[in-house]
């Protein structure tokens, strides 16, 4: 019987139930109700987000495939396409970090190779609570090991990403994974079922009870035996996926396929319904034919299982033997479980008896659509107030004392932290060290050393060197990619914060010398049924749309993750943006590091000393306040175009985006991993407060957008400045590389003066020292 | 000359080795599927890196039973040059074609980074183009590269000069802090008694092109290419 309790367990509202009855012309049975519940879930139907997502720009001459398929695709020339997408695996990773993260990687890889693309690179964007908070270490270690365990084994390099620590994510970490593949543009495969009579095949791992939605699992009505609850988190098998990957790509070479889709969320239900719906066809399957891991599984369980490493494919009539042979070669068995029909119905049988029968469109296109109420959050006006003159100077001394101690290395750097370093201001030297040692800014070597980032021998910009860049063998080309987000900015202003995320990801790609082509987004938010959260979501989507339009990087797909809350406390609204760009000549790639002593250091863009939402305020004053930096999209576009030109003409030797920690941190990072090449720079003063040292800090650590530090050989400086002037991008020589010190003067007064080796040690060993220090 | 690249299910550096042999060094190259017992006339065999059979039981433990391993063994016994890289090295150990075994890295973590290895012996088909004492900067990428041999065996291996590569600092000095995985005697590469079968944890195929950040791996390929050319 379907009563209020059953509906609630299925997460369906009474009016949604009515809608189902209307489509069916009768009361659904429990199997059908289960299928509706997963297909109409927020995760599959995007029912709260769709009205907003529709406003995003998704088109452009470069776009070969926009949202709606397993992944997006863009033209990269020479008859090739880059296929890419980002997806979240937040909830599973919190419950079981290793498997949650591992299966996230497995899922996004399947999305790419089902499009007919060979996956060649992975990125990830991870967010945790404060590093020293209870539980963070377990989550971080587990998530990193899970990503490594899956990606390393399957042999796809993890070439970059971001890791952020912020108390807001303590109860709800974010694990967003991105994958990019390359396909022949003419051979992109779709997730479509068509041609009545064509065989529907199941291939890959057997179906088990794992991953069935916990709420529905517990229902005794379905089967007393299923009361034994399996964890809702699936277990990944990268070896199985490697076999699937190779076998599927081989089958796709034969053109014996009509379509293919992986069984991810909502498993067999989603893949059959979506493939049928896209092809305007019906699909009929018999669950008794589905390979099963355990005995006694019900049709309900089989249709809702989310077991990993499974694919559904439709073969052309008469070509079945070819398909079967290829899978046999890889010791996989493609099993025919049904066929395509012409009646538009998803018909599920069990040993010949129909157990569920639903129009495909009812499950997919006709899912509910909500315009949820929105109101500006109450906290917003308050936290946007930032009175710099009211900042107590004594406060930073206390906070810094703590941070500096936490990051102090063995050598002279702690001397600096205590403020006795000669030359420069003791305060600013200490702040710089505290920022470089803060886990969000510190080197992520400890993380990416665990990822195979070189397999496939394409990686030409290694992790930690800026955007990830992989060359495309058989061409001169390379693809650059970056994922970026800033939850703190979005918390303070979701519209501007989201724009800044798009700008930063595209800027990082441009710094490598690549022309940004398109973007994918992963939208991590709280409970959309709360008007304040929905407002944040709508604002962020509007911001992404504005930035993507202005920078000409259409959104080709992505994923929405809502309900990221623990105990009613939502995470910072966090859109993460992945941008892919094209380098026409791989050997013109540019990295973040200074290349040689004696080069000119040039700042592109202007700083305004903006401290709102900055890492400086957080680290030195323990404050999350103000409004994020302003963003002029036209200036940003000009800057990015200029960067691509400078790289193409080989005029710049290094380029590094100015973001977390501002210009001082950027200059320091340009010196790192260079065997100690120093720098002397003189930057402009800014006036943002009455307090003089605070003005110096704002110049050093302010996070004004659209700024990049580039280096050039002295002979090329004139040309760089000419190109910048032509592009209307502010550009100034601010110093020179060389020596063993990092020196930065503000308005002519020395503010930072430190030995690069000492500063670098703080930055490069911060995470490792943390793990060495504590055994929890 | 013709390279035969053995492909096990789960191999994932097979295409990289193929690319190095064919595109970088201009040699013939062919994939050898593990279920086939045919070496297709290869002059040199590479067992590439990866996770053969998922490495689920123990690294390399299943791969040694693949049909191709019979002909590989026969080829090795005839004196044919065989190179096992990373997982390929582990498979050679499990097959008994090389002595010793692999343990998990002492950090208990997978490590991917550039390391420095010193060439100890140049009388093998894969080190003949290098000089004794030459330091090569080549990437590693493994979780189980902690080479182990019991004291007696180790003594024998050393006495026979079977250690061909050792982890060192950039200047070629032995220093435990530069040993990335805890291998006994800092062993990074090894040959058999007859010196034609070589295993190494570092990936030379990842260091053959300047674009990838280093070309020190070329010495390994150049050695065997010149050797067979002479022959």
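Bear in mind that the values in this text are calculations on the coordinates, not laboratory data. All of these numbers come straight from a predicted model, not from anything done at the bench. Note that each Cβ is placed from the backbone with ideal geometry, even for glycine, and that neighbours are counted across all protein chains shown.
Normalised radius of gyration (Cα atoms, divided by 2.2 N^0.38 Å) for the protein assembly as shown: 0.95.
Here the ratio of the Cα radius of gyration of segment B:33-84 to 2.2 N^0.38 Å is 1.14.
For chain B, rounded, prolate or oblate, judged on the Cα gyration tensor with a ≥ b ≥ c (square roots of eigenvalues), a/c < 1.5 rounded, else prolate if a/b > b/c? Cα axes put chain B in the rounded bin. Computed log10 I(q)/I(0) for segment A:692-776 at 0.12, 0.26, 0.27 Å⁻¹: -0.58, -1.26, -1.28, from the Debye equation with unit scatterers placed on every C-alpha and solvent omitted. For the pair residue A:78 and residue B:103, a Förster radius of 35 Å applied to the C-beta separation gives a FRET efficiency near 0.15, rounded to the nearest 0.05. When the Cα centres of segment A:673-713 and segment B:17-60 are compared, how far apart do they sit, in Å? Computed from Cα coordinates, the inter-centre distance equals 51 Å. Take the alpha carbon gyration tensor of segment A:590-648, find the square roots of its eigenvalues, order them as a ≥ b ≥ c, and report rounded if a/c is under 1.5; if not, report prolate when a/b exceeds b/c, else oblate. Oblate shape, in that a/c is at least 1.5 and b/c is the bigger or equal ratio. The residue A:566 and residue A:690 beta-carbon pair, evaluated with R₀ = 51 Å, returns a calculated FRET efficiency of approximately 0.80. Rg ratio for segment A:1-80: its Cα radius of gyration over 2.2 N^0.38 Å, N being its residue count, equals 1.58. In vacuum, with every alpha carbon of segment A:137-194 counted as one equal point scatterer, what does the Debye formula give for log10 I(q)/I(0) at q = 0.16, 0.25 Å⁻¹? Two decimals, please. Computed log10 I(q)/I(0) values: -0.71, -1.13.
For helix A:717-726, what angle does its Cα long axis make with the longest principal axis of chain A, in degrees from 0 to 90 and rounded to 10? Relative to chain A, helix A:717-726 is tipped by roughly 60 degrees. Sorted ascending by nearby beta carbons within 10 Å, beginning with the fewest, A:156, A:601 become A:601, A:156. Remark: A:300, A:201 ranked as A:201, A:300, counting other beta-carbon atoms within 10 Å and listing the fewest first. Which one, B:207, B:186, B:149, has the greatest fluctuation when you compute a Gaussian network model over chain B with C-alpha springs under 10 angstrom? Taking springs between Cα atoms under 10 Å, the residue moving most is B:149. Over the residues of the protein assembly as shown, the helix contribution to mean residue ellipticity at 222 nm works out to -10000 deg cm²/dmol, using -39500 (n - 2.57) for each DSSP H run of at least 4. Taking Cα atoms only, the orientation of helix A:320-329 departs from the longest principal axis of chain A by about 50 degrees. Once the Cα atoms are used to define both axes, helix A:30-39 deviates from the longest principal axis of chain A by about 30 degrees.
For the residues of B:2-13, the average number of beta carbons from a partner chain within 10 Å of their own beta carbon is 3. With all pairs of different C-alpha atoms in the average, the Kirkwood value for the hydrodynamic radius of segment B:44-170 is 15.5 Å.
Computed over all pairs of different Cα atoms, the Kirkwood value for the hydrodynamic radius of segment A:37-150 is 16.2 Å. Residue by residue along B:108-116, Cβ atoms of other protein chains within 10 Å of the local Cβ number 5 on average. Summary of the geometry: segment A:493-520 and segment A:1-42, compared by the centres of their Cα atoms, lie 41 Å apart. The alpha carbon convex hull volume per residue for segment A:438-548 rounds to 130 Å³. Rounded, prolate or oblate: which fits segment B:158-222, taking a ≥ b ≥ c as square roots of the Cα gyration tensor eigenvalues, rounded meaning a/c under 1.5, else prolate when a/b beats b/c? Since a/c reaches 1.5 but b/c is at least a/b, the shape of segment B:158-222 is classed as oblate. Of the residues A:389, B:169, the one with the fewest other Cβ atoms within 10 Å heads the list, and the complete ranking is A:389, B:169. Here the spin labels are modelled as points 7 Å beyond Cα on the Cα-Cβ line, and at residue B:177 and residue B:65 they lie 4.6 nm apart.
Per-residue shielding of A:148-155, expressed as the average number of other chain Cβ atoms within 10 Å of the residue Cβ, stands at 5.
Between B:50, B:189, B:100, the residue with the greatest mean-square fluctuation in the GNM of chain B (Cα pairs under 10 Å linked by springs) is B:100. Computed on segment A:420-497, the Cα convex hull volume stands at 179 Å³ per residue. In the calculated pair-distance distribution of segment B:121-211, the portion above 24 angstrom amounts to 16 percent of the Cα-Cα pairs.
Treat segment A:61-118 as a sphere of radius equal to its Kirkwood radius over Cα pairs and apply Stokes-Einstein at 10 °C in a medium of 1.306 mPa s; give the translational diffusion coefficient in µm²/s, rounded to a whole number. In µm²/s, the coefficient rounds to 127. Once you reduce segment B:189-205 and segment A:317-331 to the center of their Cα atoms, the two points are 38 Å from each other. The Cα-based radius of gyration and maximum Cα-Cα distance (Dmax) for segment A:30-74 are 14.2, 46 Å.
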